[in-house]
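J.: Here's a structure for you.
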Amino acid sequence: MNTDTPRPSLLILDDEEMVLTSLRNLFRLQTEYEVIVHSSAREALESARTRPVDLVISDYLMPEMDGITFLGRFKEIQPQSIRVPSCCAHSRRRSPSWPRSTRISKACRPRS
């Protein structure tokens, strides 16, 4: 890795710890991204005020704030960042209007 060039940064937001751990490990092993993870939308927004990121991946269904609302608020803080919602199969049933090219699907168990 070239130490003269700053590493691109990736913020991942998901309320499920297993998903955060899996994605963090995947991106750390397979890319040169500096990976930042949050399980709280509010904490991620606070972090965004002081720490610029290049790419944001956010879960769609979360208890505190849905992913679309989060990404909209994130855009107000860091409009230059690329923002991508991720969703489970059961999330897609609730928002079929999302074009497939603008979301990431992840394996997950439906919530009870």
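J.: Determine whether Arg111 is at pLDDT below 90, loosely packed, with under 12 Cβ neighbours inside 10 Å, within 15 Å of Asp14 (Cα to Cα) and not aromatic (Phe, Trp, Tyr). Explain how you work it out, then say what you get.
T.: Details: at pLDDT below 90: yes; loosely packed, with under 12 Cβ neighbours inside 10 Å: yes; within 15 Å of Asp14 (Cα to Cα): yes; not aromatic (Phe, Trp, Tyr): yes.
So Arg111 passes the test.
J.: Any residue in the range 78-90 that is assigned to a helix (DSSP H, G or I) and buried (at least 17 other Cβ atoms within 10 Å of the Cβ)?
T.: So far as the range 78-90 goes, no, none of its residues is assigned to a helix (DSSP H, G or I) and buried (at least 17 other Cβ atoms within 10 Å of the Cβ).
J.: Could you please let me know if Leu55 is of a type in the set (A, V, I, L, M, F, W, C), modelled with pLDDT of 90 or more and either surrounded by 12 or more Cβ atoms within 10 Å (Cβ to Cβ) or within 12 Å of Leu13 (Cα to Cα) (or both)? Give the steps one after another, and end with the answer.
T.: Values: of a type in the set (A, V, I, L, M, F, W, C): yes; modelled with pLDDT of 90 or more: yes; either surrounded by 12 or more Cβ atoms within 10 Å (Cβ to Cβ) or within 12 Å of Leu13 (Cα to Cα) (or both): yes.
Yes; evaluated as a whole, the condition is true for this residue.
J.: Moving to a separate point now. Pick from the range 7-40 the residues that are among the β-branched types (Val, Ile, Thr) and part of a helix (DSSP H, G or I): which of them is nearest to Leu61 (Cα to Cα)? If you could, list the steps in order and put the result at the bottom.
T.: Narrowing the range 7-40 to residues among the β-branched types (Val, Ile, Thr): 12, 19, 21, 31, 35-37.
Those left that are additionally part of a helix (DSSP H, G or I): 19, 21.
Working: Val19: 13, Thr21: 18 Å.
Result: Val19.
The values are calculated or read from the model by the stated rules, or taken from the named source; none is laboratory data. Because the structure is a prediction, the values reported are computed rather than measured. In this analysis, Cβ positions are derived from the backbone assuming ideal geometry, glycine residues included, and neighbour counts consider all displayed protein chains.
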